[in-house]
Amino acid sequence: MHALEFFGASPRAIIIDNLKTAVINGSGRAACFHPEFLALCGYYCMQPIACERRDPESKGIVEASVRYVKRNALAGRSDELVRFEDHVAFAPRWRDEIANVRTHETTRERPLDRFQRERSLLRTLPTIPFDTDEIVPAVVSPHARVKFDANRYSVPPHLARQTVTIRADGQEVGIVHQGQIVARHPRCYQRRQLIVLPEHRRAALTMSRRLRSSALEQAFDALGPEARQFHLCLNRQPVRTGVHLRRLLGLARVYGSAEVVSAIAHALALAAYDAAYVENLLLAERRRRQLPTPTLPTPKRRELIDEIDLEPADPAVYDRFCKTTDEDSDGTT
């Protein structure tokens, strides 16, 4: 496709070697062409002709051109041409400044001048170019990534676990969902790389915060109707609701949900919609009942404590230490 676009026209026939992208098996007249290559030839009205196997004379001119490129363009430039991008930048300059303006040994003409005389023999290219993109269906991972060509590319996080279509050309990888392009990445030719767009990272962080906020609200509302009423009243106040809910849930883990709900009910009666006020009511009630204040855990990694799921403490298990046993009644120890 790049060659046809460079010449601005297509030939009536194209002679190819037996490369697998064009010939599946066989050679010469017995060649079985690749269906996608046949589609390309049919689109530009080119007759494909495969070379016979082990017949160097059928492609001798091409081999001579390859030898010329190796000796003139590549030889002595190993320090200059290190990366693939270096070759891409060097090739057009060498083609236009050296190869196409030299006097050819066989034709005794410059290739640039010879092509101008032969241009009229070529067919004009269609207005719409042939579609050469690689099209691959993919399922977005839970982390909003798709795998393509041994690399992973980011996708908008709201498309996690959905099916998308990947369209890739030589320079770009596009992700299509429901007929719309939702992401474009520069194509990476390395392996096991992660390519993430900054906007996808920001969207993922925003969605993560929303999910955490929703889970926090659900956990607090599960404490009971008093908690849900307190939550509604907090939403009407000019405060950060999440801060208060997180603090009250922390109190519930330390003192138990029953005592916290009782303090919340008391705060509702007093129209005091503040987590600090609820904590003061809770502590005042515990002092009135002469209950000890539990020691708050202070872990270095808070997430390890948050992941522990324990059943609520049952004080009744300690009643057995207060009962008089038969041995105590007999005076034995």
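The values are calculated or read from the model by the stated rules, or taken from the named source; none is laboratory data. Source: prediction; values computed, not measured. Please note: Cβ atoms are built from the backbone with ideal geometry, for glycine as well, and neighbour counts cover all protein chains shown. Accessible surface is based on the protein model in full, side chains and every heavy atom, while ligands, DNA and RNA are left aside. Shrake-Rupley method; radii C 1.70, N 1.55, O 1.52, S 1.80 Å.
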Exercise for review: Determine ³J(HN,Hα), in whole Hz, for all residues of the range 123-140 in sequence, where each value follows from phi through the Karplus function 6.51 cos²θ - 1.76 cosθ + 1.60 and θ = phi - 60°; x replaces Gly and Pro.
Suggested key: 8, 6, 6, x, 5, 8, x, 5, 7, 10, 5, 7, 10, 9, x, 8, 10, 5
Revision key, fill the gap. Phi-derived 3J(HN,Hα) across the range 254-263 with the Karplus relation (6.51, -1.76, 1.60, θ = phi - 60°), rounded Hz, x for Gly and Pro, is 8, 9, x, 5, 5, 5, 5, 5, 5, 5
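Considering only protein heavy atoms, with the full assembly of protein chains and a 1.4 angstrom probe, order ARG287, ARG102 by accessible area, largest first.
Numbers: ARG287 160, ARG102 70 Å².
The ordering from most to least exposed comes out as ARG287, ARG102.
If packing is taken as the average number of other Cβ atoms within 10 Å across a peptide's residues, how do 314-320, 271-277 rank, most packed first? Walk me through the numbers on the way to the answer.
Working: 314-320: 8.0, 271-277: 15.1.
Most protected by this proxy first, the peptides run 271-277, 314-320.
Check the chain and count each lysine pair with an alpha-carbon distance under 29 angstrom, considering only pairs eight or more places apart or from different chains. Display every interim value, and only then the final one.
Working: LYS20/LYS59; LYS20/LYS70; LYS20/LYS147; LYS59/LYS70.
Lysine pairs satisfying the spacing and distance rule in the chain number 4.
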Review point. Hey, could you pull the Cα Rg and Dmax for the range 108-163, both in Å?
Key: 22.4, 63
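If you rank ILE166, ILE15, ILE49, ILE61 by how much accessible surface each has, with a 1.4 Å probe, what is the order from largest down? Present the calculation step by step, with values, prior to reporting the outcome.
On the way: ILE166 0, ILE15 115, ILE49 70, ILE61 145 Å².
Reading off the accessible areas and sorting them downward yields ILE61, ILE15, ILE49, ILE166.
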Practice item. Return P(r) of the range 1-84 (all Cα-Cα pairs; 10 Å bins starting at 0; whole %; ordered from short to long distances). Key: 15, 36, 33, 15, 1
Point to revise | 5 Å binning of all Cα-Cα separations within the range 218-264, expressed as whole percents from 0 upward | key: 5, 23, 37, 25, 9, 2
Revision key, fill the gap. Share of accessible surface on carbon and sulfur in the chain, whole %, 1.4 Å probe and ligands ignored, is 53 percent
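Placing unit charges on C-beta atoms (Lys and Arg positive, Asp and Glu negative, everything else neutral), compute the dipole magnitude of the chain about its Cα centre in debye, rounded to 20. Write down the numbers at each step before the final one.
On the way: 49 positive and 42 negative charges, 272 e Å.
Once rounded to the nearest 20, the dipole reads 1300 debye.
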Practice item. Using θ = phi - 60° and the Karplus relation 6.51 cos²θ - 1.76 cosθ + 1.60, list the HN-Hα couplings for the range 65-81 in order, rounded to whole Hz, with x at every Gly or Pro. Key: 5, 4, 5, 5, 5, 5, 7, 9, 8, 9, 5, x, 10, 5, 6, 7, 9
Exercise for review: Using the charge dipole of the chain (Lys, Arg: +1 at Cβ; Asp, Glu: -1 at Cβ; taken about the Cα centre), state which of THR293, TYR273, LEU251 has its Cα farthest towards the positive end.
Suggested key: TYR273
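How fast does the range 117-219 diffuse by Stokes-Einstein, in µm²/s, taking the Kirkwood radius from C-alpha pairs at 37 °C and 0.692 mPa s? Before the final figure, lay out the partial values.
Values: Rh = 15.9 Å.
D, rounded to a whole number, is 207 µm²/s.
In µm²/s, what is D for the chain at 4 °C and 1.567 mPa s, where D = kT/(6 pi eta Rh) by Stokes-Einstein and Rh is the Kirkwood radius from Cα pairs?
The Stokes-Einstein estimate is 45 µm²/s.
Around PHE7, with a cut-off of 11 angstrom between Cβ atoms, what is the net charge of the other residues, counting Lys and Arg +1 and Asp and Glu -1?
Details: positive: ARG119, ARG123; negative: GLU5, GLU118.
Charge balance near PHE7 sits at 0.
Under 13 Å from the Cβ of ARG167, count the other residues' Cβ atoms, weight Lys and Arg +1, Asp and Glu -1, and hand me the total. List each step's numbers first, then the result.
Numbers: positive: ARG184, ARG187; negative: ASP131, ASP133, GLU134, ASP149, ASP169, GLU172.
The answer is -4.
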Review point. To the nearest 10 square angstrom, how much accessible area does ARG167 have with a 1.4 angstrom probe?
Key: 80 Å²
